[in-house]
Structure formats: C-alpha cells, structure tokens
1. Restricting attention to the stretch 203-210, does a residue exist that is touching a helix residue (DSSP H, G or I) at 6+ places or on another chain (Cβ under 9 Å) and modelled with pLDDT of 90 or more?
2. I'd like to check which helices (runs of 4 or more DSSP H) are fully inside the stretch 46-116 and have at least 2 residues that are touching a residue at least 60 places away in the same chain (Cβ under 8 Å), surrounded by fewer than 17 Cβ atoms within 10 Å (Cβ to Cβ) and hydroxyl-bearing (Ser, Thr, Tyr).
3. When you scan the stretch 164-174, do you find a residue that is among the acidic types (Asp, Glu) and without any contact (Cβ under 8 Å) to a residue 40 or more places away in the chain, even just one?
4. Would you say residue 101 is among the hydrophobic types (A, V, I, L, M, F, W, C) and either in the same structural domain as residue 30 (by TED's automatic domain parsing) or under 11 Å from the mean Cα position of the chain (by Cα) (or both)?
5. Is it the case, given these coordinates, that residue 173 is in the same structural domain as residue 60 (by TED's automatic domain parsing) and among the hydroxyl-bearing types (Ser, Thr, Tyr)?
6. Taking the stretch 128-158 as the region of interest, how many residues are within 21 Å of residue 189 (Cβ to Cβ) and either assigned to a helix (DSSP H, G or I) or in contact with a His (Cβ under 6 Å, 6 or more places away or on another chain) (or both)?
7. How many residues are assigned to a helix (DSSP H, G or I) and of a type in the set (A, V, I, L, M) when one looks only at the stretch 168-200?
Amino acid sequence: MSAAAPSGPGAEVPLLELRGVTAGYGRIQVLHGVDLVVPRGEVVALLGPNGAGKTTTLLVATGQHPVSSGCVHVAGRHVNGVRAEELARLGLCTIPEGRGVFRSLTVRENLRMASYRGVDESLLVERAVARFPRLGERLGQVAGTLSGGEQQMLAMARGLATDPALLIIDELSMGLAPLIVAELYELVAGIAREGVSILVVEQFARTVLGVADRAVIMQHGQVVAAGVPADLEAELSAAYLGASP
C-alpha cells in the first residue's frame, strides 16, 4: 500500500516518511517495501500483531537499524544512514518500550537529566507538572517506586523537554491496566493538540484508535491497510487484531 508524498507549492512536508523500505537481520528480510507517513500535527497509530515488523520499522525510522533499500525522510530530509543522535537534533524523540526512566533517581532528578540539553531546570519542571500534574506530587519520590502509569508519564515528560517536532511512542500500553492506558492516551491527545506529531506503535488497536487521526496496519513485514480509523473497520476486526489488552 502506497502513501503518496505531498506535492505542489502549498503542500506540507510530513514529519516522517518511509518509502518502499526494506530491512532485515542477516539473510532474514523483515520489512518488505514499507510505506509510512506521519503528517504534521497528527497522531498516527502503527498497529499489528507480534512479529508484524512494527519494532523494526521503529528502529529504522529512528536511525537505530540500517535500511536495505528504500528511503527514510525526517522533515523532508533524506536520512538513510543518519545516526540516532542527529535525528534527535532534527526534532525526533522516542519514548521506548518499558518506559526507560532512571529508576534509582527521583522524579526531579530524572527531569534534571533533560536539562543538560540546555533547558532551564525550573522551566522544565514547571512544564512537566503542567502537563502531568501527578508528577508534581512525586517530585521527590524515587522513580522506581512510581506506578507503571506514573513512570510512563515521567518518560513522556522527559522526552517532551527536548521540545520535539515528532514523538514516537513504543507500546505505551504494555503492562498497564486499561483505565491507566486510557488516561495516558488522553494525555497523548493533548500533546498532539499542542502541535507535536506523534507516531504510536501498538499491538492492541483498541487502546489507541480513540485518539488517532490515522492508522497503519502491518502484517508479515508489510503495510496491509492505512487510512482513517473509521474506514478500516474490516481490517481492525480481523482475528490478529481482535484481542483486547
């Protein structure tokens, strides 16, 4: 399934675009001509069962795995072979699976780590608490003692401290109760309303589609459907996406 690039003088360049991307591990090819577009200011859900190729797609998009063929563009710039830290300077930020907070540091100390990129610490904490008020009650608490949902909020707050143009979130729902997941996705929707483009990689469709502007469904290393969630009912009802978290 193809995702057409914008054209014409008034067309906006997507924050992220993969064109015909193939990639693999040794002799095993995992991605087979993947097309993916994340427009500016939208939430795109990348969906599919285990083994569909979502993780490899994410690694390719974030410069952590090489492309065998095809093209990766970030904000209109061809970035095949560009290192992950350079992509970060272009405005790409990833919230990894498993949250990735410094468990032995307090919430405030975790946020302070992001201030080393030149952001004033007090302003950083102020913004984090404004977005995630619960963190304001936990600033002196060791991150490893937070609930899973609070750790995910902290990871998101630290990522947003870099003022990214594109936020990539990997398996936000993993290990969390459905009510917590719903709360977190409401926060994701709020972040998108601030103008941040978001790509959410999820195994479970129903946890993200309420806030997604577009959905992309992968299976066996290929995009099998893409479009507005409401137009993908048949694909989303397929057995491989039928389980609820």
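The values are calculated or read from the model by the stated rules, or taken from the named source; none is laboratory data. Keep in mind that this is a model prediction, so the values were computed, not measured. As a convention, Cβ positions derive from the backbone with ideal geometry for all residues, glycine included, and neighbour counts pool all protein chains shown.
1. No.
2. Qualifying helices (runs of 4 or more DSSP H): none found.
3. Let us first name the residues in the stretch 164-174 that are among the acidic types (Asp, Glu), namely 170-171.
Among the residues that remain, those that are also without any contact (Cβ under 8 Å) to a residue 40 or more places away in the chain are: none.
The answer is no, given that none of the residues of the stretch 164-174 is among the acidic types (Asp, Glu) and without any contact (Cβ under 8 Å) to a residue 40 or more places away in the chain.
4. Details: among the hydrophobic types (A, V, I, L, M, F, W, C): yes; either in the same structural domain as residue 30 (by TED's automatic domain parsing) or under 11 Å from the mean Cα position of the chain (by Cα) (or both): no.
For residue 101, the condition - among the hydrophobic types (A, V, I, L, M, F, W, C) and either in the same structural domain as residue 30 (by TED's automatic domain parsing) or under 11 Å from the mean Cα position of the chain (by Cα) (or both) - is not met.
5. yes
6. Matching residues across the stretch 128-158 total 19.
7. We begin by selecting, within the stretch 168-200, every residue assigned to a helix (DSSP H, G or I); these are 178-193.
Those left that are additionally of a type in the set (A, V, I, L, M): 179-182, 184, 187-189, 191-192.
Qualifying residue count, the stretch 168-200: 10.
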